[in-house]
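The values are calculated or read from the model by the stated rules, or taken from the named source; none is laboratory data. Just so it is clear, the model here is predicted, and its values are computed rather than measured. Cβ: placed from backbone, ideal geometry, glycine included. Neighbour counts: every protein chain shown. Note: accessible area is taken over every heavy atom of the protein model, side chains too, but ligands, DNA and RNA are not part of it. Shrake-Rupley method; radii C 1.70, N 1.55, O 1.52, S 1.80 Å.
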There are 2 protein chains.
Amino acid sequence: MVVDGLVEEIRRKKNPCIVGIDPEWSKLPDCYKSGALSRADSVLEWATDVIEAVADIVPAVKPQMAFFEVFGAEGVRVHQQIVSRAHSKGLIVVDDSKRNDIGNTARAYAYAHLAKDGPINADFLTVSPFLGTDSMQPFIDTAAREGKGIFVLVKTSNPGSAEISEATNAQGENISRWLAGWVNSVGNTCVGECGYSSVGAVVGATFPDEARQLRSIMKNSFFLVPGYGAQGGGAADVVSCFNDDGLGALVSSSRGVLYRHLETPEYDGSRPMYTDIVRQSAIEMRDAVCGELYTAYTKMVY
Amino acid sequence: MVVDGLVEEIRRKKNPCIVGIDPEWSKLPDCYKSGALSRADSVLEWATDVIEAVADIVPAVKPQMAFFEVFGAEGVRVHQQIVSRAHSKGLIVVDDSKRNDIGNTARAYAYAHLAKDGPINADFLTVSPFLGTDSMQPFIDTAAREGKGIFVLVKTSNPGSAEISEATNAQGENISRWLAGWVNSVGNTCVGECGYSSVGAVVGATFPDEARQLRSIMKNSFFLVPGYGAQGGGAADVVSCFNDDGLGALVSSSRGVLYRHLETPEYDGSRPMYTDIVRQSAIEMRDAVCGELYTAYTKMVY
């Protein structure tokens, strides 16, 4: 099961932080925009460099599908190639596509993104819960069959996330806590040797109090924690997403790693310096988050 | 604005029913599986035939992205080609991809699916609301700029849809009715000459009482009504989604049109007979829904 591989990578690299692969064309360094390649193939070159720069530091990468769909079918082809290159470097791939639909349609999405003989073959997929638990079951089933995993959106990092996730359902339960209970309960049917389940939750770094409550409901689920850095969540804020074994959360940063060169006055425009900035940013993030975990638990967690 | 074009097509064809383009490989007639083409290109041939068969009957088609992603980048390329072929036949295209994310990521999805200079260039896109109204704003903005439209998931047709859509928010409002109010209010900023807005709602055919309530909240929004036929919603059930001008709803069927040949014992396996069954099924659906509209309003609505 891929959750066991994830825990192994986190322990081996002593790092629960991952890097998003969000190719925003206007922010990519000019050195990747030679003009000899299509935009999509330029993105492939850039992402390959990013993956090489962080492969021995982070346990996983998180390509964001929206930024590939911008380039149409070519972008989706590059997305598939990036998943494959990340795998060849031993990285786990979290496919952040926030898919969902009902019945056969949900099954089609699950196959496309998670099946080992499907076109993408990601390890984890983010899934939106709006249509209800029956709409998520095909993703659970596919993940179980393929040894893969999913992250259900439970509490996202944006200001408007409370509008629906903090509503109260017919049983008097808060939606995000009810979702957490469901994640925990279906997760209990697919727990790996590591003690964590294949069904995780997206929990934003920007709401640490809620994260603590959700952690207590989903004891053996991994949290995918976006919003680190650029969206306002800091290292201290993410501690509440972890268990005291230093596991149970993947802290993700995209802009703070990929586009740090834009805030680096001495950046010389070259590929070697760009990949060095990416690598250093990933190391800084690891050290900041692990430092907070050490402070919180007053022990080395890995 | 595309909503004006939609109303024009509905009036010209006297039909508010549309056909989903859901290529489930196992259900496609064998005559499209020659082996000389890739599966994705076989799907293109099939979809081109379906579009030709219904182009003078229906105002719009609704390709379901999940069934294209199954074929990877090639499938997404075929999806783009199908949008373009539908446009060349004068059809409106509803891109049923149920996308959403936050900030720049939502903007990327909106560009990819709706922008006139983007890869897909659909007319309408379905959008999931779970992340909150701030996550939907980039889709509204892009739709407004491009003259396109969106359909927000408000009340879907599946059994589990009530779990979240019938929860109660902090202001004591039911989520689906609160969403309806939001759709109505943002929709009022982008009303076409036809009197309908570019911001519509997905409302399942399986809950006619709820549909009636939602209709009274979203007076000038179009409803996209899935679940006709195969999912249990019949012609009488969809009447409550319409206004008494016979407008305001698009009733969608996929399996009931595309895969009727599987329930037709005399089907001879040929392409001409397949496309004839598709065409006849689309006509039957039109006549059933328009018949119910006539019964309800005791007048010709178009």
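In terms of modelled amide H atoms, which long-range or inter-chain residues lie less than 5 Å from the amide H of B:L125?
B:D95, B:G149, B:I150, B:F151
Taking each label point as 7 Å beyond Cα in the direction of the beta carbon, state the distances from A:D4 to the same residue in the other copies, shortest first, in nm.
6.3
Between copies, how far apart are the B:R145 label points? List them in nm, one decimal, shortest first, with each point 7 Å from Cα toward Cβ, please?
4.1
Exposed loop GluC sites (Glu not before Pro) only (DSSP loop, at most 15 other Cβ atoms within 10 Å): please give the longest stretch of chain A free of them, not including the sites.
Details: sites that count: A:E173, A:E193, A:E266.
Segment A:1-172 is the longest.
Going by the alpha-carbon gyration tensor, a ≥ b ≥ c the square roots of its eigenvalues, is the range A:84-192 rounded (a/c under 1.5) or, if a/c is not under 1.5, prolate (a/b greater than b/c) versus oblate?
prolate
Based on DSSP, what percent of beta bridges with both residues in chain A are antiparallel, to the nearest 5?
For chain A, the DSSP antiparallel bridge percentage is about 5.
Using modelled backbone amide H atoms (1.01 Å from N, in-plane), which distant-in-sequence or interchain residues come within less than 5 Å of B:G20's amide H?
Correct list: B:K62, B:S253, B:S254.
Which value, in Å², gives the accessible area per residue of chain B when a 1.4 Å probe is used on the protein heavy atoms?
Working: 10190 Å² over 302 residues.
For chain B, the per-residue accessible area is 34 Å².
Where does helix B:72-88 land angle-wise versus the long Cα axis of chain B, in degrees 0 to 90, nearest 10?
80
If you project the alpha carbons of chain B onto their three principal axes, what span does each projection cover, largest first, in Å?
57, 48, 37
For the pair A:D134/B:D134, report the inter-label distance in nm, with labels modelled 7 Å from Cα in the Cβ direction.
Inter-label distance under the simple model: 3.3 nm.
Equivalent ellipsoid semi-axes for the range A:1-104, as square roots of 5 times the alpha carbon gyration tensor eigenvalues: give them largest first, rounded to whole Å.
24, 19, 10
Taking a temperature of 25 °C and a viscosity of 0.890 mPa s, what whole-number D in µm²/s does Stokes-Einstein yield for the range A:145-193 with Rh from Kirkwood over alpha carbon pairs?
The diffusion coefficient I find is 200 µm²/s.
At a threshold of 8 angstrom on Cα-Cα distance, excluding pairs fewer than six apart, so keeping six or more, what relative contact order does the range A:11-160 reach in percent?
18
Just from its helices, what would the mean residue ellipticity at 222 nm be for chain A, if runs of 4 or more DSSP H residues each count -39500 (n - 2.57) and the sum is divided by every residue, rounded to the nearest 500 deg cm²/dmol? Could the numbers behind the result be given before it?
Numbers: 12 runs with 137 residues, N = 302.
Computed mean residue ellipticity for chain A: -14000 deg cm²/dmol.
Show me the three semi-axes of the equivalent ellipsoid for the range A:127-254, from the C-alpha gyration tensor (sqrt of 5 times each eigenvalue), largest first, rounded to whole Å.
Semi-axis lengths for the range A:127-254 are 21, 18, 13 Å.
Work out from phi, with θ = phi - 60° and the Karplus expression 6.51 cos²θ - 1.76 cosθ + 1.60, the ³J(HN,Hα) of each residue of the range B:140-150, listed in order in whole Hz, and give x for Gly and Pro.
3J(HN,Hα) across the range B:140-150, in whole Hz: 4, 4, 5, 4, 4, 5, 8, x, 9, x, 10.
Can you give the accessible area of B:M300, probe radius 1.4 Å, in Å² rounded to 10?
Ignoring ligands and nucleic acids, B:M300 comes out at about 150 Å².
Let's test the formula: R0 of 35 Å, r as the Cβ-Cβ distance of B:I283 and B:S185. What FRET efficiency results, to the nearest 0.05?
Efficiency at R0 = 35 Å is approximately 0.40.
May I ask you to find the residues of the range B:41-71 that are shielded by at least 10 Å² of accessible area once the whole protein assembly is considered instead of their isolated chain (probe 1.4 Å)?
Relative to the lone chain, where solvent access is computed with a 1.4 Å probe, the range B:41-71 loses at least 10 Å² at B:Q64, B:A66, B:F67, B:E69, B:V70.
If you put a point 7 Å past Cα along the Cβ direction, how far is that point for B:G234 from the same point in each other copy, in nm, smallest first?
6.4
Once phi is turned into θ = phi - 60°, what whole-Hz ³J(HN,Hα) does the Karplus curve with 6.51, -1.76 and 1.60 give for every residue of the range B:239-249, x standing for Gly and Pro?
Each residue of the range B:239-249 in turn: 4, 5, 7, 9, 8, 7, 8, x, 10, x, 9 Hz.
Ballpark to the nearest 100 Å², how much total accessible area do B and A bury together, probe 1.4 Å?
About 4100 Å² of accessible surface is lost on pairing.
Helix B:39-54 versus the longest principal axis of chain B: what angle, 0 to 90°, nearest 10, using Cα atoms?
With rounding to tens, the tilt is 80 degrees.
How far is it, in nm, from the label point at A:D117 to the one at B:R12 when both lie 7 Å from their Cα along the line to the Cβ?
Distance between the two pseudo-spin positions: 4.5 nm.
Which whole-percent values make up P(r) of the protein assembly as shown when all C-alpha to C-alpha distances are grouped in 10 Å steps starting at zero?
It works out to 3, 18, 28, 26, 16, 7, 2, 0, in whole percents.
With a cut-off of 17 Å, note down the residues of the range B:1-25 whose backbone N falls inside the zone around a label point 7 Å from the Cα of B:K299 toward its beta carbon.
Under cut-off, by backbone N: B:11.
Threshold 50 Å², probe 1.4 Å: give the residues of the range A:72-102, in number order, that are less accessible with all protein chains present than with their chain alone.
A:A73, A:K98, A:I102
Quick one: Karplus J couplings for the range A:116-131, per residue in order, coefficients 6.51, -1.76, 1.60, θ = phi - 60°, nearest Hz, x for Gly and Pro?
Each residue of the range A:116-131 in turn: 5, 9, x, x, 9, 6, 6, 8, 10, 10, 7, 10, 8, x, 3, 6 Hz.
What is the Cα radius of gyration of the range B:31-70 over 2.2 N^0.38 Å, N being its residue count?
1.29
Could you state how much accessible area A:M1 has, in square angstrom rounded to the nearest 10, with a 1.4 Å probe and all protein chains kept in place?
Ignoring ligands and nucleic acids, A:M1 comes out at about 100 Å².
Relative contact order (percent) for chain B, with alpha-carbon contacts under 8 angstrom and 6 or more residues of separation?
19
What residues does the range A:103-123 have that are buried by at least 20 Å² of accessible area in the full protein assembly compared to the chain on its own, 1.4 angstrom probe?
With the partner chains in place, the range A:103-123 has these residues losing at least 20 Å²: A:N104, A:T105, A:A108, A:Y109, A:Y111, A:A112, A:P119.
Percent antiparallel among DSSP beta bridges with both residues in the range A:71-182, to the nearest 5? All intermediate terms of the calculation are to be shown ahead of the outcome.
Details: 1 of 8 bridges.
So the antiparallel bridges amount to about 10 percent of the total.
If I ignore ligands, DNA and RNA and count only protein heavy atoms, how much of B:R279 is accessible to a 1.4 Å probe, in Å² to the nearest 10?
Looks like 70 Å² after rounding.
Taking H placed 1.01 Å from N in the peptide plane, check which residues at least 5 places from B:A201 or on another chain put their amide H under 5 Å from its amide H.
Amide H neighbours of B:A201: B:V152, B:F222, B:F223, B:L224.
Probe radius 1.4 Å, ligands and nucleic acids ignored: give me the carbon and sulfur share of the accessible area of the protein assembly as shown as a rounded percent.
Details: 9890 of 20360 Å².
Carbon and sulfur atoms account for 49 percent of the accessible area of the protein assembly as shown.
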